[in-house]
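Here the structure comes first, spelled out in structure tokens, and everything after it is commentary.
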């Protein structure tokens, strides 16, 4: 069953934003918006209602770590689950993301099954209802 | 002119030739970077040159794999569609002919089930074709690094040109770019080109999951 949850997909590459949004739609999450960096993402998050963020790390203007930090500072956003989907494969980056409050970490290239698994895990942890 | 003076003159001309060659190479690189709008903006990247070949090989491999994956999926999808087309043509002819050769309800239901399965398969092929496009993101980050490396090489050549210029040679450093807008330089490491044997990076999602689990996340 399709879910009404609203996603924000943050990545500086438009190709990747399209891929992630299409995958979300296939999995059952049709409602998503996109942002090309952390600055735009933060503006959208503050101006609208979102249930889930999927973000790259390496981006201009404001990277994924900085976006995580900003989200943590804002009361109405700090409970928002943020899944990092990134090409950064250094262990220290993965640990840093977790320490900064990321709900999950997917390393590129990834598969639809990996994204679906991580979404289900995170949603269960956050008390949200995954699409079926 | 005595022999010592002649040798000295020849050496001086040879030095000038080398200097002019380096100058021409520097100018060529500078022009290429300027055409990309990337002059004079990259600093402090010495030592990355040996990595460039690996990065270019990585781009070649990733784009090759993506093309291969797309073509394989297209082949599979075309084969599926040929089967559906043939089956539907046969069924149509039998329906039109009517009589004893007309398809039974069971056959029609079986055909429809086949159509449904084929449609699902086509959707899976399309998803894989879409996923194959992720090379754009990964190679884009690597290309940005190689461009930065080329810009650094230009900088070093300029310095070499200045340092090796004969006393009587006019030297002129390349003019700064007309467009001062700074290009985006990824601050992080980006995709890992050679994860094998590197204990500081993960080579796949299972290693990410293991690492986070071991730390209690």
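Where a number appears in this text, it was derived from the coordinates with a stated rule and is not lab data. Values in this document were obtained by computation on a predicted structure and should not be read as measured data. Cβ placement follows ideal geometry from the backbone for every residue including glycine, while neighbour counts extend to all protein chains displayed.
Table for the structure above
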quantity: Average other protein chain Cβ within 10 Å of Cβ, residues A:103-115; calculated: 5
quantity: Kirkwood Rh, Cα atoms: Rg over Rh of region B:111-156; calculated: 1.52
quantity: Relative packing of peptides A:9-19, A:121-131 - highest average C-beta neighbours within 10 Å first; calculated: A:9-19, A:121-131
quantity: Residue mean of other protein chain beta carbons inside 10 Å, A:81-91; calculated: 5
quantity: Residues A:90, B:120, B:55 arranged by fewest to most Cβ contacts within 10 Å; calculated: B:120, A:90, B:55
quantity: Gyration tensor (alpha-carbon) shape descriptor, region A:3-125, a/c threshold 1.5; calculated: rounded
quantity: Peptide B:118-129 - average C-beta neighbours from other chains (10 Å radius); calculated: 1
